[in-house]
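The values are calculated or read from the model by the stated rules, or taken from the named source; none is laboratory data. Nothing here was measured: the structure is a model prediction, and the numbers come from that model. Every residue, glycine as well, gets a Cβ built from its backbone with ideal geometry; the counts of neighbours run over all protein chains shown. Each accessible area value is taken on the protein alone, full model and side chains, heavy atoms only, with ligands, DNA and RNA left out. Shrake-Rupley method; radii C 1.70, N 1.55, O 1.52, S 1.80 Å.
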Amino acid sequence: MWPLYLVALVIILPTFLAYRWKNPTCNGRLPPGSMGLPLVGETLQFFSPNTSDDISPFIKHRIKRYGSIFKTNLVGRPVVVSTDPDLNYFIFQQEGQVFQSWYPDTFTEIFGRQNVGSLHGFMYKYLKNMVLSLFGPESLKKMLSEVDHAACTSLQHWSSQDTVELKEATATMIFDLTAKKLISYDSKNSSENLRENFVAFIQGLISFPLDLPGTAYHKCLQGRKRAMKMLKKMLEERRAKPRKEQSDFFDYVVEELKKEGTILTEAISLDLMFVLLFASFETTSLAITYAIKVLSHNPLVLKQLQEEHESILKRREDPNSGVTWKEYKSMTYTFQFINETVRLANIVPGIFRKALREINFKGYTIPAGWAVMVCPPAVHLSPAKYQDPLSFNPSRWEGIELNGATRQFMAFGGGMRFCVGTDFTKVQMAVFIHCLVTKYRWKNPTCNGRLPPGSMGLPLVGETLQFFSPNTSDDISPFIKHRIKRYGSIFKTNLVGRPVVVSTDPDLNYFIFQQEGQVFQSWYPDTFTEIFGRQNVGSLHGFMYKYLKNMVLSLFGPESLKKMLSEVEHAACTSLQHWSSQDTVELKEATATMIFDFTAKKLISYDSKNSSENLRENFVAFIQGLISFPLDLPGTAYHKCLQGRKRAMKMLKKMLEERKAKPRKEQSDFFDYVVEELKKEGTILTEAIALDLMFVLLFASFETTSLAITYAIKVLSHNPLVLKQLQEEHESILKRRKDPNSGVTWKEYKSMTYTFQFINETVRLANIAPGIFRKALREINFKGYTIPAGWAVMVCPPAVHLSPAKYQDPLSFNPSRWEGIELNGATRQFMAFGGGMRFCVGADFTKVQMAVFIHCLVTKYRWNPIKGGNIIRTPGLQFPDGFHVQMIKKDQSNQESEHHNLETKILPRYGRKLH
């Protein structure tokens, strides 16, 4: 019977809990709505990004479905959302009696358990009065000249720069002023950077609350911890040496802490200081940035502001004097402008309270203990309250004087918790606008012309997720194909947080490659440089890049490859012979091992059979996390990738140190060459650059070539006529040899005409490099579009390689299309190995390996595909299930009959065309 009880318990209990979650108990009638999923609720939908100034889709959809009052569940708590002006007003008026300030646990974890937002009653009023002693009207009158000086000095400094990022610049300006008034902190004369810790704090403020190293939330808490440590140290120093006269807020706090029977504690005062510093600069800098943004699009509003402030200047007796309090109070249109700015900006999208007892309102019951969220945007953007609510119209505030919150306006909160910094914010905004519109003009330098069409996707994320979406076809990726169809051959997007112009236009691609170092520069995302090293060859430019390129060509250039040919052939033949003794072989892994062992031997004399450490193993771990979400936490693919690189670099460093300690008399590998270069007086080569170069060469040589060979064998399995032509070419080479046991000569290699056509067609369809990144060094105009300076540009080879306008029947595998075409570099139609001065230095090495491998394979072996061979592109080419084949050595006596029967054996099973 017990098993039956357990089964019943397992089925009934979750069902009961899920039902209870969806249908919470209530003595009356709960507002309509959905509680979402158990535990999670509707949190994810609530935090979904939105790029519009309108009411968020989360709120808008639910108002339409449920009305102005509805229930939901956020961060595990039942919440009643109010977009009803009457309920909002009631909530603010009943603060401390029916409702109480409340925020999620993560908020109190971030801002401190004793933060002013979490305190109530007398303690809150006491702290509010403390703050008003600094930011109240009387104090602001005395502070006005300092605010004016800070704004004018900052604007003057910004005007000397090419461009300024306004959000960050205004945040720094306000932080420095507020920190000076609060704690006499001067960033220029301090050995510690307090602002830096607040930046780390803000970056993780709105993030998933997972406190693990590497996460944004962890960085947020660490930023707070460091900032609090600095504030505590400052307060202790002030208490140890108090000032005779109060000159900042710390002095006021020290005096309060001294008083007998004071209710203020050091912990409360530090939490208060932290919140004041954060709130003063972060919200106001957002408001100012939004104000300048809307001014850039509203010239008539700017004209009215200029007229108001220029009239103030004309009335002054001394034109060099600063803003007076009387002048500030006379800025009528400016205050209307500020009201309209904060109404549309909606910097605070939700204000939380908690019901202290059960409340009945308009027929609905709000249970005791439930959270309530007042939603200002739903009121500020309501057509019932504001005519044409999404238009920016400061004149709508004409004749309206606001001294607090109303049913229609609550940008600064409401009730007894109406923001104590409201007047400080208005003073800073008004004075900044005065300095700006009377002395400066500005333009948005992001683009002085016409940007290519396209979408920038979601904030921060952009269209990164769509770009990396898996695709199992050989065709152009859906991401690129859809956008070409919609926007044309040149379009804009945002990848990994960077604005990118994608080029599928052969002319622009060619221009980008030809202008390398002058107009464009090699660029890759930060995660790439984190993985491949800050000094990797892809991130270096100018003379340093050319220097390293010549170093690599000393090993992989044509003259070196002539000498290396016999070794390449030996590696291929030995590997094939070994694979033929096995039941099956996974071709991608096997060819990668073959090429890695060979390249490692040539580069660093590494022999996997005689080494106690497995270098290849670390590269395998590295590759598995190469294309993954960059979250450096134990267990993630990205973490394994970085750990693989770390171990490989440790091994390489050890090998280099051993070679430097015992240099060889004659150069026999690339390490010897590096050691000699490092010895030279005045060398520009460093050990770090040399090791990063070694790492990249090992990776690039085996990973890309093994993918190309595996893809080549896969398509050969489906194209018996192509295989037949390859066999004929290579058997004719054997027949022409005087010594049948001799190896491939350079002359024979250069005579493999159809093989080179086959290699070209393989890399055209494989598209191993789906994107080649550059950065615009200056603004570029091309075909009517403007590419701004600093933007990334992605050349997209697959879009050209698979274009019906460039290649007839582009998805068919047809090596003969290359007949009579000699390729010595990139063209407008072919860029499998890159282009321009960064044309792949290993291209000839890859071709030698592929050609010699094919020679050994088609003359001595046949194969049967067993399983795998499926491809996936994310967007780079991968074989997720590998490609398992049975390798069979040809019986020399049956070679001729097999050759004639090849088509009838393979064709019925695999077909002619690659799909």
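Odds and ends about this structure:
- Accessible area per residue in Å² at 1.4 Å probe, computed on the chain: 48 Å²
- Euclidean distance between Cα centres, segment 790-826 to segment 232-254, Å: 71 Å
- J(HN,Hα) series, segment 742-759, from Karplus relation 6.51 cos²θ - 1.76 cosθ + 1.60, nearest Hz, glycine and proline x: 6, x, 5, 9, 4, 5, 5, 4, 5, 8, 7, 4, 5, 5, 5, 4, 4, 5
- Pairs beyond 20 Å (Cα-Cα), from K601/K654; K71/K128; K563/K890; K640/K775; K601/K660; K293/K783: K71/K128; K563/K890; K640/K775; K293/K783
- Loop trypsin sites (Lys or Arg not before Pro), segment 24-63, which have at most 11 other Cβ atoms in a 10 Å radius of their Cβ (DSSP): R29
- A Förster radius of 25 Å combined with the Cβ-Cβ distance from S395 to K293 puts the calculated FRET efficiency at roughly 0.85.
- Extension gain, R29 back to T683 (0.36 nm per residue minus Cα-Cα distance, nm): 227.4 nm
- Cα gyration tensor category, rounded, prolate or oblate, for segment 511-889 with a/c compared to 1.5: rounded
- Virtual spin-label span in nm between K233 and K889, 7 Å along Cα→Cβ: 7.3 nm
- Rounded to the nearest whole Hz, the Karplus-based 3J(HN,Hα) values (6.51 cos²θ - 1.76 cosθ + 1.60, θ = phi - 60°) of segment 347-357 follow the sequence 5, 9, x, x, 10, 9, 9, 10, 6, 7, 8, with x at glycine and proline.
- Segment 804-891 - percent of accessible surface contributed by carbon and sulfur, probe 1.4 Å: 46 percent
- In degrees, nearest ten, helix 558-580 long axis to first principal axis of the chain (Cα): 80 degrees
- The label point for S133 and the one for T636, both projected 7 Å from the Cα toward the Cβ, are 4.6 nm apart.
- Using C-alpha pairs below 8 Å separated by at least 6 residues, the relative contact order for segment 107-439 is 22 percent.
- Between helix 615-624 and the chain there is an angle of about 50 degrees, using the helix long axis and the longest principal axis of the Cα atoms.
- A cut-off of 5 Å between modelled amide H atoms, ignoring neighbours fewer than 5 places along the same chain, links T786 with R450, L451.
- Between E822 and E779, the FRET efficiency estimated from the beta carbon spacing at R0 = 45 angstrom works out to 0.75.
- Rough spin-label spacing in nm, given labels placed 7 Å along Cα→Cβ, for S611 and A661: 1.8 nm
- Calculated FRET value between Q808 and K738, using beta carbons and R₀ = 56 Å, to 0.05: 0.85
- Low-density loop cleavage sites - GluC sites (Glu not before Pro) in segment 232-307, where at most 13 other Cβ are within 10 Å (DSSP): E245, E260
- Under the combined filter of DSSP loop state and at most 15 neighbouring Cβ atoms within 10 Å, segment 694-752 retains these trypsin sites (Lys or Arg not before Pro): R737, K738.
- Radius of gyration, Dmax [the chain; alpha carbons; angstrom]: 34.7, 111
- Computed extension length for D844-L313: 184.0 nm, one decimal, from 0.36 nm per residue of separation with the Cα-Cα distance subtracted.
- Relative to the current alpha-carbon distance between L465 and K650, full extension at 0.36 nm per residue lengthens the span by 63.3 nm.
- In Hz, Karplus ³J(HN,Hα) per residue of segment 467-472 (6.51, -1.76, 1.60; θ = phi - 60°; x = Gly, Pro): 4, 8, 4, x, 9, 9
- Rounded tilt (10° steps) of 299-315 against the dominant C-alpha axis of the chain: 50 degrees
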